[in-house]
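Working notes for the structure below.
The values are calculated or read from the model by the stated rules, or taken from the named source; none is laboratory data. Treat the numbers as computed from the prediction; the structure is a model and nothing was measured. Every residue, glycine as well, gets a Cβ built from its backbone with ideal geometry; the counts of neighbours run over all protein chains shown.
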Amino acid sequence: MSIITSNEIDLVKAQTSKINAVDFDNLDFGRVFTDHMFVCDFKDGKWQKPQILPYQAMSFEPSARVFHYGQAVFEGMKAYKDNNGKVFLFRPDQNFERINKSAARMAIPGFPKDYFFNGLETLLNLDKDWIKSGLDNSLYLRPFVIATEPAISASPANEYRFMIICSPAKAYYNEPVRVLFAEKFSRSADGGVGFAKAAGNYGAQFYPTSLAQEKGFQQIIWTDASTHDYLEEAGTMNIFFRIGNKLITAPNNDRILDGVTRKSVIQLAEDLGIECEVRRISVKEIKDSARDGSLKEIFGAGTAAVISPVSAFGHGDEVFEIPENQDSYSKLFKSTLLSIQHNKIDDKHGWRHEVK
Ligand SMILES: *Cc1c(COP(=O)(O)O)cnc(C)c1O
């Protein structure tokens, strides 16, 4: 047991739990939060003593820098429960490293590893009743950092708040999605912040995505900003294409988020003997393969949705339907990932992290 002594985290327990008011069979993603949250402030040049508090509203000065310059980064991860009530995280070291990589790009100080893991584990022990067993259930965890210093000069803040909030989740997208390949708007550019989970990357997608939705697509597949000829990723998921029996996914670069699900799928493909090429993918190649019938699947990969199959894509005025595939790779990867995450099958790469 990792017992957190009171001199490591100040803990204020919620007086009553909200859990009985929650309908766990009808959860709208990201609207319900558990009883506690983790909070740690950076000031006077260092991270202060972490706290766990009842989940609650907080107050900030209107001049807090995050409101003006978007100096904010986040992570998305999940906790899972097996049928014996044991709680697991999936490759949490990857999320820890990534939030600090995102933070560095946004001139935010790095967060200490022991604070991150002690905070997460203490929080999960307190709120573990909120994690339901079963492959459909998980607890979505949202670590994030915001610039709190009340000062509106356009420069990095001297004060920050790191937090973790937790939201019970059901499968995110149940239906296959229709996607539109980007031709005009861009998510990120060379030398930009696309590789970081920086808050502004997401807000900037809402408008182009709403235009795509008016045309009947749920999501955009972003293309390279300079030519729009190469497919890169979705708004919160990396993307895989299956041509024949071969998988293809774009290589990471500074425009693309280095997803934990993506790298796990690449490893699982290798384990299963499925060829996976990591290379540039042109819009033309995917349209040609859709026309000649060799395009078998497109799917997104990300923590929230795990694997999200794509049923059609649009480009300009053309729409290509992707026939449903009986033995799809997307179903295979989804069930394999969920089984590893929920402690149902052997974890030969050591991806599970038990919360004790
Ligand atoms: C979070 C995210 C992903 C998926 O990353 P995971 O680590 O698999 O959850 C992919 N693309 C973008 C833009 C993201 O923000």
### Task
Identify all residues within segment 110-146 that are acidic (D, E), closer than 15 Å to P92 by Cα and more than 20 Å from the chain's Cα centre (by Cα); write none if there are none.
D114
### Within segment 91-117, considering residues that are within 16 Å of the ligand (Cβ to nearest atom) and of a type in the set (A, V, I, L, M), the one surrounded by the fewest Cβ atoms within 10 Å (Cβ to Cβ)
M106
### Query
Any idea which of A212, A182, A189 is of a type in the set (A, V, I, L, M), surrounded by fewer than 21 Cβ atoms within 10 Å (Cβ to Cβ) and away from the ligand (no atom under 11 Å from the Cβ)?
A189
### Message
Which condition from (1) more than 24 Å from A234 (Cβ to Cβ); (2) assigned to a strand (DSSP E or B) is the one that R178 breaks?
### Response
(1)
#### Entry: In segment 138-157, the residues that are within 15 Å of T303 (Cβ to Cβ) and crowded, with 20+ Cβ neighbours inside 10 Å
S138, L139, Y140, L141, P143
### Query
So which residues in segment 255-291 are within 21 Å of A312 (Cα to Cα), basic (K, R) and within 16 Å of the ligand (Cβ to nearest atom)?
R262
### Task
Could you look through segment 22-48, keep only residues that are of a type in the set (S, T, N, Q) and modelled with pLDDT of 95 or more, and pick out the one that is surrounded by the most Cβ atoms within 10 Å (Cβ to Cβ)?
T34
### Message
For the structure I just gave you, tell me whether I131 is touching a residue at least 40 places away in the same chain (Cβ under 8 Å), over 21 Å from A290 (Cα atoms) and crowded, with 17+ Cβ neighbours inside 10 Å.
### Response
yes
### Query
When you look at N201, is it buried (at least 23 other Cβ atoms within 10 Å of the Cβ) and closer than 27 Å to I281 by Cα, yes or no?
no
### Summary
Checked segment 232-244 for anything under 14 Å from F333 (Cα atoms), more than 15 Å from the ligand (Cβ to nearest atom) and out of contact with any Asp or Glu (no Cβ under 7 Å at 6 or more places or on another chain); matches are F241
